[in-house]
Every structure is written in C-alpha cells, then in structure tokens.
Amino acid sequence: GVSMLPNCRVECEVSEMQFVAVIRIRIRPLIPRLPLVAGVSVSVLGVPVIDAAAYVKVPFLPKFDLGSFPGFGLLKKVITGPMLNVAGRYPAVAHIPILDFSHPAVKQLTMGSKDTGQHVITVRVKGARNLHAADWGGASDPYAVLVMAGEAVYETRQRQTSVVQSTLNPRWEAEFTFTLSDIEDAGEIMIAVFDSDGTSLMSKAIDPKKVLENLRPVMHFQKRSLELAERFQLGVTDIPWDPAFHKLCLSATPPGKPPSMITQIRRKLTAARKADVSHRAATEPPVLPRPRTEAQRKKEKDHAKKKVKAEKTTAPTKCTSVEDSKKVTSDVERCVRNQTVAADNDLLGMTMVDFKSILEPGKTVTMWFSLDGCPSGYRKLESEAEEEEEEDEEE
C-alpha cells in the first residue's frame, strides 16, 4: 500500500495450503558403525497434489477468492504442472548424505552399495629366499602373513600362507584376493614372515613391554601403519559427518545469526518437556517412598561396603596398546602381538608394499621385496656356486 493513501492498500492472503503425496523414504546405505546410517533417499510415488486458497482485498470491495476467477486453475496447472510431473516421475530420488562419502573409511563401509565401485587385487605369494635360521638345526619353519590397510576388522583383512617345514627358501604359491572401494585411498599391504613354533594363537594376557620390545626392529613400519590406521579410523567421537548435514543439524548457531529450524524445534521440545514436568510437580501429589524391610536395608549396606572395598583393592588397569589406550592400534602392532607374543613365533622379517606405485589396473607384476627387521645375529648364507651381494641380502 501507499502510506499517504491508505485507501489504495491491497491485501493478499494465502491460506489452506496442502501438499498431498505418497513419499518413499529409504535409509541407505547402512554401515556396521555408529551412526549406522550413511544416508537417506527420498522419492515421490505418483504425481503429488499442491493446493491453496488465495484471497485478495482491495479498497471498497469485499475480499474475493482468486480461484473463483475463470482461467486461474489452468494458470496454476501451467506453473506447477511440469515441476510436479518431474517430482513424481519414479525413480526420481533425492539422496541426503549423512556421512562424508569422500572419507576413506566411509568408502570402504559403503562398498558394494549403489554408486560405489569395487576393485579386486590378487596377490600371489610365490616364495622367499635367504631367510634367517631361527631353529637349532640351521633352518626355519616359515609362513607369511599379509594384511591390507583399511577400515574393516583386522581378521577380515589378514591372509596367511601355510607353514613350510625346515627350510630357508620356502615356496608357498598361495593366492589371495583383497576387495577395495577405491585404489587411491588404500593400496598398502604389510607382508611379514614368521618362524612357526607349532603353537596356535592363544587367549592370554598380553604384556605391553614384550610387544614394544618385539616392535623395535620394525618401528619404522609401525609408524607408517599407525598413520594408515588413523586415516581409516571411524570412532564415536570423530564421525566424518557430511558438511551440509553437520551445518544444518549438528553445528552450533553462530553468534548474531538465527538458529536453524532443527535447533528451533529441539529447543521448543525441550521447553515443552520442562514445562510439563514443572506442571506435574505443582499439580500432582508427590510420590511417597516405598517402605523397605530390614533385610533390604541390610543388603544395601553390605553392597555399599563391598563396592568401597573393591574400589580400594582394585589395581589400575594396564594399557594393552603400545601407544595409548585412546589411540588406534596399527596393523603392524596387531600382527606382531598376535604372532610373536600370543603365539610365541619368531619374526623373520617384514615389509610394506604400496602396489599403486608398481602396479596398474589389469596388469601383473612379479617382484622380490627385501625384508627388514630381521633378528639380531643374522648370519649370511654361503653359496657354493657364486657369491653375490644380492644373495647376502634377506628377501
């Protein structure tokens, strides 16, 4: 309207808005970690219906409905028709991400779902040569352990060859496959060779000092493996949320800006609950405590005494991780702990292979890799045919 001419003011009112549709909501993909849901897909089945009443009030005339004018319904269909037809065209789906799908851990957890790829790596462990003689007879009983870096449970990423008895040049010819979501986010395999003492993995208390002592020869691999483990970490306190979802639903409101719709709804629900509790406390009579028998009182006193006594006598829990109980455990530490501490086997050497730098998709490469972290007192093998520097290296 015009402030100087109040009689020229025009009022418009839109009311009775309706949106009628059959909405399909799919919670996908699901992951075996918190928050269990990585995204939500929303689609409309059929053509939705949008309707509203529009009223106009002009000076000196009664309020009238625009819908009663001829041609207004046709105009509304022309404006909203194409949009509604596109929205109702199945399978038009709007995907709302909850987690950040560019994170390496989320890629591996959602591997196999729609719009996610899979890469398969085949590793054939042919053999080893010039290994350390760990047994008294001048030989070893070697076997190899392979672990692919990733987010999944360690046992699902570990592969192990068979044990070859009494040899320093074993031939395994074992073939293993690893499935990856993205080659760029993974691609490092830890390969370790151990001497089998005939003992299987046992469930027993692990001494952190012994684990640290066995890790010293391969500490450079431990640091690299720890970096990979932290990269793939997906914990309760460091969930990789989608930036838009985090800003809309989880982030705090910046000072000077209005809160988001989700924050407003949360505040209203909290205020309504507090008001309801206060109203009930003011209007309803207080609940009387339930009478207890003498036996119940005695039982509670005995329980409290036992709890205090247990807190005084219980020793502080030792940390089983070499670095810190709050940090992740690397694949190198898990492998050394399981094979050399829990199973009492000897480490003959270890290496980490980044196959992205030596392998292209669809090609096969055969290579020897030197093993580091060999036991102290390693004696060189003598070759009767010829003596070369490469023969003296442990591979």
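The values are calculated or read from the model by the stated rules, or taken from the named source; none is laboratory data. All figures in this text were calculated on a predicted structure; none of them were measured in a lab. Don't worry about glycine lacking a Cβ; one is built from the backbone with ideal geometry, like all the others, and counts go over all protein chains shown. Side chains are part of the model used for accessible areas, which takes the heavy atoms of the whole protein and leaves out ligands, DNA and RNA. Shrake-Rupley method; radii C 1.70, N 1.55, O 1.52, S 1.80 Å.
Starting from residues that are open to solvent by 40 Å² or more (accessible area, probe 1.4 Å) and at pLDDT below 70, keep the ones in the stretch 88-103 and report whichever is farthest from Arg157 (Cα to Cα).
Arg89
For the stretch 220-249, which positions are of a type in the set (A, V, I, L, M, F, W, C) and surrounded by 13 or more Cβ atoms within 10 Å (Cβ to Cβ)? Show your work before the answer.
The first filter runs over the stretch 220-249 and keeps only residues of a type in the set (A, V, I, L, M, F, W, C), leaving 221, 226, 228-229, 232, 234, 236, 239, 241, 244-245, 248-249.
The answer is Phe221, Leu226, Leu228, Ala229, Phe232, Leu234, Ile239, Trp241, Phe245, Leu248, Cys249.
Of the residues Val20, Val106, Val2, Val78, only one is assigned to a strand (DSSP E or B) and either at pLDDT below 85 or hydrophobic (A, V, I, L, M, F, W, C) (or both); which? Give the derivation first.
Working: Val106 fails: assigned to a strand (DSSP E or B); Val2 fails: assigned to a strand (DSSP E or B); Val78 fails: assigned to a strand (DSSP E or B).
Selected residue: Val20, the only one of Val20, Val106, Val2, Val78 that is assigned to a strand (DSSP E or B) and either at pLDDT below 85 or hydrophobic (A, V, I, L, M, F, W, C) (or both).
Collect the residues in the stretch 256-296 that are surrounded by 10 or more Cβ atoms within 10 Å (Cβ to Cβ), assigned to a loop (DSSP other than H, G, I, E, B) and among the basic types (Lys, Arg), keeping them in residue-number order.
Arg292
Filter the stretch 37-63 for residues that are hydrophobic (A, V, I, L, M, F, W, C), open to solvent by less than 60 Å² (accessible area, probe 1.4 Å) and either modelled with pLDDT under 80 or closer than 27 Å to Lys77 by Cβ (or both) and give the result.
Filtering the stretch 37-63 for residues hydrophobic (A, V, I, L, M, F, W, C) gives 37-38, 40, 42, 44-45, 47, 49-50, 52-54, 56, 58, 60-61.
Then keep just the ones that are open to solvent by less than 60 Å² (accessible area, probe 1.4 Å); that gives 37-38, 40, 42, 44, 52-54, 56, 58.
The answer is Val42, Val44, Ala52, Ala53, Ala54, Val56, Val58.
Determine whether the stretch 51-73 contains at least one residue that is in a loop (DSSP other than H, G, I, E, B) and either in contact (Cβ under 8 Å) with a residue 60 or more places away in the chain or touching a helix residue (DSSP H, G or I) at 6+ places or on another chain (Cβ under 6 Å) (or both).
Going through the stretch 51-73, the residues in a loop (DSSP other than H, G, I, E, B) turn out to be 58-63, 69-71.
After this cut, where a residue has to be either in contact (Cβ under 8 Å) with a residue 60 or more places away in the chain or touching a helix residue (DSSP H, G or I) at 6+ places or on another chain (Cβ under 6 Å) (or both) as well, the list is 59.
Yes, there is a match, as at least one residue in the stretch 51-73 is in a loop (DSSP other than H, G, I, E, B) and either in contact (Cβ under 8 Å) with a residue 60 or more places away in the chain or touching a helix residue (DSSP H, G or I) at 6+ places or on another chain (Cβ under 6 Å) (or both).
Quick check: anything in the stretch 174-191 modelled with pLDDT of 80 or more, aliphatic (A, V, I, L, M) and in contact with a helix residue (DSSP H, G or I) (Cβ under 7 Å, 6 or more places away or on another chain)? Give the steps one after another, and end with the answer.
Quick first cut of the stretch 174-191, residues modelled with pLDDT of 80 or more only: 174-179, 188-191.
Remaining after also requiring aliphatic (A, V, I, L, M): 174, 189-191.
With in contact with a helix residue (DSSP H, G or I) (Cβ under 7 Å, 6 or more places away or on another chain) added as a condition, the list becomes 189-190.
Yes, some residue in the stretch 174-191 is modelled with pLDDT of 80 or more, aliphatic (A, V, I, L, M) and in contact with a helix residue (DSSP H, G or I) (Cβ under 7 Å, 6 or more places away or on another chain).
Step by step: first the residues of the stretch 311-366, then only those that are within 28 Å of the chain's Cα centre (by Cα) and acidic (Asp, Glu), then the one that is modelled with the lowest pLDDT. Which residue is that?
Only one residue tops the list, namely Glu323.
Taking the stretch 137-156, which residues are open to solvent by 10 Å² or more (accessible area, probe 1.4 Å) and either under 18 Å from Trp368 (Cα atoms) or at pLDDT 90 or above (or both)?
Asp141
Is one or more of the residues making up the stretch 22-29 open to solvent by less than 90 Å² (accessible area, probe 1.4 Å) and within 30 Å of Glu151 (Cα to Cα)?
Yes, because at least one residue in the stretch 22-29 is open to solvent by less than 90 Å² (accessible area, probe 1.4 Å) and within 30 Å of Glu151 (Cα to Cα).
Are there any pairs with C-beta distances below 6 angstrom linking a residue in the stretch 207-230 that is within 11 Å of Thr340 (Cβ to Cβ) to a residue that is assigned to a helix (DSSP H, G or I) and open to solvent by less than 20 Å² (accessible area, probe 1.4 Å), with the two at least 6 apart or on different chains, and if so which?
Lys210/Val341; Val211/Val341; Asn214/Val336; Asn214/Thr340; Leu215/Gln222; Leu215/Val336
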